[in-house]
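I have placed the structure first, in the form of structure tokens, so that the comments after it can refer back to it.
The values are calculated or read from the model by the stated rules, or taken from the named source; none is laboratory data. This is a predicted model, so every value here is computed, not measured. Virtual Cβ from ideal backbone geometry, glycine too; neighbours counted across all protein chains shown.
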Amino acid sequence: MRPCVGYTDEDMRAREWSSGCLGHVPFQSNNKTVRCLKCSVARKIMKRNEQKKTFQDRMKEMRSKVKLHAQAATRLTKRVDALKSQVNNLMQDIHKTKAAKLESIISTLPEEQQVLARSCFDAAKHHNKKNRRYTTEWIYECVLMRIKAPALYESLRTRNKLALPSQRTLLRYMRALRPAFGFQENVFTLMQTKSEHYQLGERHGALLLDEMSLEARTYFDKNTCMAHGLVDLGGFEDEGDRDRRGDHALVVMFQPFKGKWVQALGAFLSCGPVKSEKLHKTEKSGFFVDCIVTDAATWNRSMWDLFGINSQSPACEHPLDESRELRFASDFPHLVKSLWTRVLEKKTLKVAK
């Protein structure tokens, strides 16, 4: 038998000794144990308690550090957000300054070029062509370009020379207009609103009438479920003419004496030239004019006779205002055309004495 270390060593007894110590270790061969069973169990419990206390202290310290780091990260995140907001505000101010400067440069261009420049810069903001949006002025210019030169329009669009919408997009915009023959009330409403910004002297103008012959044919529009190509004078046609194919078109436009703008008032589709009585009713529809300009066609001359116009009296009493006169004039290009045709065909020219 060997004595227990916890019993013989005072220092060991103070730290790793059990009160139930046996005082000796049973002798066994190859046994290196220096403590009895009671002291060994007590030593293991002490070691476990010390390790547990050390782990809890370390966890407490780590939690404290994590909390401090989290607070520091929160402060840094708030600081980063504030700096991002400040950078975004500065970027917006820079963009606004650039946009204002760019707009001031564009405003110095002619009006038609301004529309073109703005459409190109707006298209540059969208990488996908399907996200583009077009202004009414630019759509109007695109429709005119598409009508005048379809091949050139498609070449400029496919090669990205200009920010041009496709033909399908143009048709979608044109369907929204819903054009119709006759006088449109919204046109006169817009003109009335526009006239409020003009002086009285700038509101006087001429009514332009032009008639042309067309191919008589009809077709069915599946989008509107309506047949087009029949006679339509905007309510002035006879009952028997509504089912006939139209072969003549009459366009009515208004142009002021002061100003470069022209406004189309209405279009009419008839079978044969429009009779002078119909033109008289059209003038009585309520629009204010001082002069009517037509070509030298026979049906237009008959309208002049209806109003009492001759070489001695180029004006008549205004149908809507007795204190004013309504004058009639021939379209100068048509007069030159008639003169040229007369010289080529007849080889002679009669001049009134």
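Structure summary
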{"read-out": "Verdict on Val251 being over 23 Å from Thr135 (Cα atoms), outside any loop (DSSP other than H, G, I, E, B) and either among the aromatic types (Phe, Trp, Tyr) or modelled with pLDDT of 75 or more (or both)", "value": "yes"}
{"read-out": "Residue in segment 193-212 that is among the hydrophobic types (A, V, I, L, M, F, W, C) and surrounded by fewer than 16 Cβ atoms within 10 Å (Cβ to Cβ) present", "value": "yes"}
{"read-out": "Where a residue in segment 117-134 is more than 15 Å from Lys161 (Cβ to Cβ) and its partner, wherever it lies, is part of a loop (DSSP other than H, G, I, E, B) and of a type in the set (Val, Ile, Thr), with Cβ under 9 Å and at least six apart", "value": "Arg118/Thr135; Asp122/Thr135"}
{"read-out": "Criterion violated by Lys130 - all others in (1) surrounded by 10 or more Cβ atoms within 10 Å (Cβ to Cβ); (2) assigned to a helix (DSSP H, G or I) satisfied", "value": "(1)"}
{"read-out": "Residues located in segment 293-327, provided they are under 46 Å from the mean Cα position of the chain (by Cα) and within 18 Å of Ser338 (Cβ to Cβ)", "value": "Val293, Thr294, Asp295, Ala296, Ala297, Trp299, Asn300, Met303"}
{"read-out": "Matching residues, segment 258-289, being assigned to a loop (DSSP other than H, G, I, E, B), under 27 Å from Glu111 (Cβ atoms) and either modelled with pLDDT of 70 or more or of a type in the set (A, V, I, L, M) (or both)", "value": "Lys258, Gly259, Lys260, Trp261, Val262, Val289"}
{"read-out": "Which listed residue, of Ser338, Ser311, is at pLDDT 70 or above and part of a loop (DSSP other than H, G, I, E, B)", "value": "Ser311"}
{"read-out": "Checklist (1) exposed (fewer than 10 other Cβ atoms within 10 Å of the Cβ); (2) assigned to a helix (DSSP H, G or I); (3) hydrophobic (A, V, I, L, M, F, W, C) applied to Val351, failing item", "value": "(2)"}
{"read-out": "Inter-residue pairs, beta-carbon under 8 Å, first farther than 15 Å from Val289 by Cα and in segment 303-322, second basic (Lys, Arg) and at pLDDT 80 or above, 6+ apart", "value": "Pro314/Arg327"}
{"read-out": "Enumeration of residues in segment 174-202 that are among the acidic types (Asp, Glu) and either in contact with a Phe, Trp or Tyr (Cβ under 7 Å, 6 or more places away or on another chain) or within 15 Å of Pro256 (Cβ to Cβ) (or both)", "value": "Glu196, Glu202"}
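Matching residues to (1) over 30 Å from Ala99 (Cα atoms); (2) acidic (Asp, Glu); (3) buried (at least 16 other Cβ atoms within 10 Å of the Cβ):
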residue: Arg118; (1), (2), (3): no, no, yes
residue: Phe121; (1), (2), (3): no, no, no
residue: Lys125; (1), (2), (3): no, no, no
residue: Val143; (1), (2), (3): no, no, yes
residue: Arg146; (1), (2), (3): yes, no, yes
residue: Ser155; (1), (2), (3): yes, no, no
residue: Asn160; (1), (2), (3): no, no, no
residue: Arg168; (1), (2), (3): yes, no, no
residue: Val187; (1), (2), (3): yes, no, no
